[in-house]
Amino acid sequence: MIPKQAKIEEIKEVYGIFHKHKEIFPHIRFDYLQRKIDSGCCVYDDGVVITYTIYKRKNRIGENVANKGDVMLHQIVNEDPSNGNSRKVLERFFDYTVEGKPVWLTVRSDNDRAINFYKKMNFDVMGDISWMGGKLPGVIFRHMPTAKLEKIL
């Protein structure tokens, strides 16, 4: 099943989910979400929102290099974090949206719930990063696609 892209008429719902979790996402603005939806880089499926970018050139992420075509996952938020939908939607995202490309993300070091989730989703820790002049430490993760075995008839 292909994850559903957010539609502009759903922007208030999408923004509301981020606002519900504003302690984790205080920086998310309405105009940012509008740009992500307009560019086709915002999934909204089963109460889960994923914003992302597909790199158009090489980019540095800490000491790492992400290549053209690699995906940077910016945010993932679930309206109801205990329902298991984040895992399902992210797996669909891997299968259909990123077309076998590595998926990168960064997360604050103090966000234990997210760090544990990404480890369960088979992301590898690739190093450290920081924001705000080094005052806010973070962790860099990368998920490498796995080869799919085709069923032999």
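Worth pointing out:
- Taking amide hydrogens as placed 1.01 Å from N in the peptide plane, the amide H of HIS74 sits under 5 Å from those of THR51, TYR52, THR53, each at least 5 positions away in sequence or on another chain.
- Within the chain, helix-based [θ] at 222 nm, where runs of 4 or more DSSP H residues each add -39,500 (n - 2.57), nearest 500: -6500 deg cm²/dmol
- Value of relative contact order over the chain, rounded to a whole percent, pairs C-alpha under 8 Å and six or more apart: 19 percent
- Under 5 Å, built H, 5+ apart or other chain: amide partners of SER130: GLY138
- Backbone N atoms of segment 77-96 closer than 17 Å to the 7 Å Cα→Cβ label point of ILE2 belong to residues 89-96.
- With θ taken as phi - 60° and the Karplus curve 6.51 cos²θ - 1.76 cosθ + 1.60 applied, the whole-hertz 3J(HN,Hα) list for segment 92-100 is 5, 4, 4, 5, 10, 7, 8, 6, x Hz, x standing for glycine and proline.
- Note on the chain: dipole from Cβ charges, positive end direction compared against PRO137, PRO81, ALA114; the farthest Cα belongs to PRO137.
- Alpha-carbon Rg with Dmax, taken over the chain, Å: 15.4, 57
- Nearest-20 debye value, segment 63-122 charge dipole, Cβ charges on Lys, Arg, Asp, Glu: 100 debye
- Segment 21-114 - charge dipole about Cα centre, Lys and Arg +1 at Cβ, Asp and Glu -1, debye rounded to 20: 500 debye
- Phi to ³J(HN,Hα) by Karplus 6.51 cos²θ - 1.76 cosθ + 1.60 over segment 126-143, Hz, x for Gly, Pro: 10, x, 10, 8, 8, 10, 6, x, x, 7, 10, x, x, 10, 9, 10, 9, 10
No value in this document is a laboratory result; all are computed from the given coordinates. The structure presented is a predicted model; accordingly, all values stated were derived computationally and were not measured. Cβ sites come from the backbone with ideal geometry, for glycine too, and all protein chains shown count toward neighbours.
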